[in-house]
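Student: Below is the structure I would like to discuss, written out as structure tokens.
The values are calculated or read from the model by the stated rules, or taken from the named source; none is laboratory data. As the structure is a prediction and not an experimental result, all values here were calculated from the model. Note: areas computed on protein heavy atoms with side chains; ligands, DNA, RNA excluded. Shrake-Rupley method; radii C 1.70, N 1.55, O 1.52, S 1.80 Å.
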Amino acid sequence: MLLGLALCFGPLTALHAADGFVPGFEDIPLAPGLTAVPDAAMSFDSAGGRIVESVATGRVDAGSVADFYDRTLPQLGWQQADAGTYRREGEELVIEIARSGDALTVRFALAPR
């Protein structure tokens, strides 16, 4: 009986765990307070490498989001090139943070470099 329940709810657990990451990126976590924008992710492979874009929003401080990625991404192998720009293995990740009223919009863009 317990095995049956585990098999039924196992896929739900995997989906929930995936919610903690930026859509389209398998290893870029969403900063606390951000929620992915449904249907805003785009991903494809080009001759030069992969291209991925995604958007998240939240009512959170821009500085705390920037600090989160400045602390977290180097632990995942990304090297900071400039404010909001990170590089790893021939790819460049740009994180743009913009405020509109109370809402913060964070755009993630990955491209070959």
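Student: Probe radius 1.4 Å, ligands and nucleic acids ignored: give me the carbon and sulfur share of the accessible area of region 25-108 as a rounded percent. Display every interim value, and only then the final one.
Tutor: Working: 2250 of 4640 Å².
Ligands and nucleic acids excluded, carbon and sulfur reach 48 percent.
Student: Sorted by accessible area (1.4 Å probe), largest first, how do R59, R88, R71 line up? The partial results should precede the final answer.
Tutor: Working: R59 180, R88 35, R71 145 Å².
Final ranking, largest accessible area leading: R59, R71, R88.
Student: What order do L76, L30 take when sorted by accessible area (1.4 Å probe), most exposed first?
Tutor: Of L76, L30, the descending order of accessible area is L76, L30.
Student: Output the relative contact order of region 42-113, whole-number percent, from Cα pairs under 8 angstrom with separation of 6+ residues.
Tutor: So the answer I get is 38 percent.
Student: Rolling a 1.4 angstrom probe over the protein heavy atoms, how many square angstrom per residue are accessible across region 28-113?
Tutor: Per residue, region 28-113 has an accessible area of 55 Å².
Student: Could you put I51, I28 in order of accessible surface area, largest first, with the 1.4 Å probe and the full protein assembly present?
Tutor: I51, I28
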